[in-house]
Amino acid sequence: IGTGEVTIDSTVFPRKKTATVTAAATLALNTVTYVNQTAPLTLTLPSAQAGEFVYVVCNDTTAYNNITLSGTVLGDSGGLVIDTTFGTAQLVYLNATVGWVALNT
């Protein structure tokens, strides 16, 4: 992947900070992660500092499969489930009490 930027939902991300996952993993900070899965899977939200982000893009072209983001989201340790085909989640870390918050919902 070359240098430059990519814009998603009016948010600019460094083009070099992308990843693709096909199985359970811990998300990388400040990275757009493309998820190619054939079954439901769990991704772990990483340890972070305030202002760091993760962006998850689901590429579910053949079947409906949930992606569970494991960690504290809006103060709830139950995480977040992406339960729609081609779903996305853009999260930014706030603090240890609140954890991650969703942007552009």
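What follows draws every value from the coordinates through simple rules; no lab data is involved. Here the structure is a predicted model, which is why all the values come from computation and not from measurement. In this analysis, Cβ positions are derived from the backbone assuming ideal geometry, glycine residues included, and neighbour counts consider all displayed protein chains.
With N denoting the number of residues in segment 17-76, provide Rg(C-alpha) divided by 2.2 N^0.38 Å, to two decimal places.
That ratio works out to 1.12.
Would you mind getting the Kirkwood hydrodynamic radius of segment 41-98 from its Cα pairs, rounded to one decimal in Å?
12.0
What nm value, rounded to one decimal, do you get for the distance between T97 and T22 when each label is placed 7 Å out toward the C-beta?
So the label points at T97 and T22 sit 4.4 nm apart.
For labels at S47 and N66 in the simple 7 Å Cα→Cβ model, what's the distance in nm?
Inter-label distance under the simple model: 2.8 nm.
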